[in-house]
Amino acid sequence: MRPEFVSLAGGNPDTSLLPHDLIADLSAQLLRERGAEILQYGSGAGIAALPESIAALMAAQGATVTADNLLITTGSQMGLDLVTKLFCDPGDVVIGEGPTYVGAMGVFGSYEVDLRQVPTDDDGIDPEGVAELIDTVRAQRHPVKFVYVIPNYQNPTGVTLSEGRRRRLVQVCSARGITIVEDDPYAHVGFQASPMLPSLYSMNPAGVIHLGSFSKLFSPGLRVGWMAAPPAVRARLQIAGEAVSIHPTVLAQELAHAYVSRPEWWQNLTIIRRSYQTRCEALLTALAKHLPDGVTWTTPRGGFFTWLTVAGVSPETDILAAAIEHHLVIVPGNACYVRTPAACHIRLAYSNGTPDEFDEGTRRLASTLDSLR
Ligand SMILES: Cc1ncc(COP(=O)(O)O)c(C=O)c1O
């Protein structure tokens, strides 16, 4: 908030690019025509119309879903909470990427889950590492409850799980009877609209729980997401969800459905995706211009983030505190690991900044690193 700071930390979508007048008209029309119904309590499963819009989004990733598989949530963060609540007891093991989404670590922590992390590279998590870890944990007689992955434009690294690794990961987990939780909020914000890689869910709907979201492709403030799961699991998830919030907000769901049912939304998403691509290029150009030798970064094909690896700075360093000294805010890589990682890492977001902020922010980052070496 303070003007003397530059923040490359927050991964917020750019909602200024949405057609606000159209959205205002849709909201007014919904309330005028169906106000009594929309302002009333709704169903714990979500509104009846939304599964059709979600099925179209998931079909682009090769998956077939119906209302029997779908549960609407108050954002995919709620999906993460429900799946952990349903599957895990304190001390159970969940296997995830190293690094992973800080918000998922918060959920796992709150249910006292033992998160074990498998390293990622430019092609995502290594399925052979997952297989080895499942077998090791089981040999120690600990239950592994699920494998948690973010396959597209991962938070925090920006990398995408390759198609070969997707197939192998599904094979490794189904051979061992382990469910995969596929957290996929960035699927529709790739820089290229097509071809989209098949979702893990499309490869094995019986063994994968898919979490989707309207947060990045429409609005995070509306809080609408979904889960796709086998019908028996979906029913349990609904009961767990009803216990928390009875049902997701009806007006937000109706608005999400009304918006993505119109052709304009897809054109708008194309504009938004191009804007993220332009910003990503601007940030990577600034990194190349200002950062010293020994710093490397990922090259995202979509999403909001790039991930830096900094040689010559100890992974124990409080890199956020050092950056704040230089009036810069970043996400410290350590926050994305259960244990201190082997190297110093930083997450930078380009989804909501300007080229000038990227230039100034990376200049300050260079001074920060200088002061630590
Ligand atoms: C990987 C990942 N999962 C889930 C979420 C939460 O998304 P939602 O707004 O749908 O709750 C985020 C938000 O940043 C995310 O990056």
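Every read-out reported here was derived from the displayed coordinates using simple, explicitly stated rules and does not represent laboratory data. All values derive from a computational prediction rather than experimental measurement. Neighbour counts run over all protein chains shown; Cβ positions are idealised from the backbone, glycine included.
Placing dummy labels 7 Å off each Cα toward the beta-carbon, the span from Ile239 to Ala193 is 4.3 nm. Ordering Ser261, Ser7 by the number of other Cβ atoms within 10 Å of each residue's own Cβ, fewest first, gives Ser261, Ser7. What the Kirkwood sum gives for region 20-262 is a hydrodynamic radius of 18.4 Å, with every pair of different alpha carbons counted. Farthest toward the positive end of the dipole of the chain, out of Gly333, Val130, Ala323, is the Cα of Val130, where the dipole comes from beta carbon charges about the Cα centre.
In this label model, Ala67 and Gln171 are separated by 3.9 nm, measuring between points 7 Å along each Cα→Cβ vector.
Ranked for footprinting exposure by Cβ neighbours inside 10 Å, fewest first, Arg34, Arg364, Arg166 give Arg34, Arg364, Arg166.
From the alpha carbon centroid of region 321-365 to that of region 1-29 is 22 Å. For region 20-262, relative contact order (Cα pairs under 8 Å, six or more residues apart, normalised by length) works out to 29 percent. Evaluated with a Cβ-only charge set (Lys, Arg +1; Asp, Glu -1), region 94-136 carries a dipole of roughly 300 debye about its Cα centre, given to the nearest 20.
In straight-distance terms, cross-link reach from Lys145 covers every one of the lysines whose alpha-carbon lies under 20 Å from its own, apart from those fewer than eight places away in the same chain; here that gives Lys85.
The ranking of Ile209, Ile178, Ile324 by Cβ neighbour count inside 10 Å, starting from the fewest, reads Ile324, Ile178, Ile209. Here's the picture: a label point sits 7 Å out from the Cα of Ser16 along the beta-carbon direction, and within region 311-353 the residues with their amide nitrogen under 11 Å of it are 352-353. In the elastic network of the chain, a GNM with C-alpha springs shorter than 10 Å, the most mobile of Ile54, Ile72, Ile239 is Ile239. Segment Glu52..Ala288, full-extension length gain: 80.5 nm, with 0.36 nm per residue of separation and the alpha-carbon distance subtracted.
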